[in-house]
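The values are calculated or read from the model by the stated rules, or taken from the named source; none is laboratory data. Just so we're clear, the structure is a prediction, and the values are computed from it rather than from any experiment. Reconstructed Cβ throughout: ideal geometry from the backbone, glycine too, with neighbour counts over all protein chains shown. These area figures cover heavy atoms from the full protein model, side chains too; ligands, DNA and RNA do not enter into them. Shrake-Rupley method; radii C 1.70, N 1.55, O 1.52, S 1.80 Å.
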Amino acid sequence: KIPQVNFTAPLTLSFAVNAWVTLMDSPSFTFDPGPNPQLGQKWEINQDVVVMDEVIHVLSVEQAGIEEGFFMFTMQSDSNIVGASIIDLQHPPMGGGGGGGVPVVKLPFFVGFGYQVPVPTGPLTMTFQSVNVLLPGDWSVTWSPAAP
């Protein structure tokens, strides 16, 4: 049941719109966790990747969480990209994800990827599959109730 609210018409609702966009190309970056990555270990990556003609700064990665093989990447974009999904096409994933609440442009976002153990050795190539884009615009709807 929707509670009754008193207001003076018209009522205007404003909101942000974001969408997941599947990529047609395969932009990627590499990192090397070494032969024996440890929980809590962090690597500075500092690579820029062009995705949909915009730059995503891949800042760092940490072997995070409570299980071996799960990596959390910190990324940021100067554009309206506010999230991403990545995969290692050469090695099967255990899981992945991202998150961070309400998307805000130009703030860091986090992308997770979990390997089946043991973690592969050597430089690993992470490929972007999709990105979360905050759509620009003044999105609003104005409503006035019909006269009785």
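Kindly indicate which of 103, 148 is modelled with pLDDT under 80 and open to solvent by less than 90 Å² (accessible area, probe 1.4 Å).
Numbers: 148 fails: open to solvent by less than 90 Å² (accessible area, probe 1.4 Å).
Residue meeting the stated conditions: 103.
Among the residues of the stretch 35-61, count how many are open to solvent by 90 Å² or more (accessible area, probe 1.4 Å), more than 18 Å from residue 86 (Cα to Cα), touching a residue at least 12 places away in the same chain (Cβ under 8 Å) and not aliphatic (A, V, I, L, M).
Of the residues in that region, 3 qualify.
Identify all residues within the stretch 20-30 that are assigned to a strand (DSSP E or B) and surrounded by 10 or more Cβ atoms within 10 Å (Cβ to Cβ); write none if there are none.
Matches in the stretch 20-30: 20, 21, 28, 29, 30.
Please tell me if residue 3 is within 18 Å of residue 125 (Cβ to Cβ) and either in a loop (DSSP other than H, G, I, E, B) or open to solvent by 90 Å² or more (accessible area, probe 1.4 Å) (or both).
Numbers: within 18 Å of residue 125 (Cβ to Cβ): no; either in a loop (DSSP other than H, G, I, E, B) or open to solvent by 90 Å² or more (accessible area, probe 1.4 Å) (or both): yes.
No.
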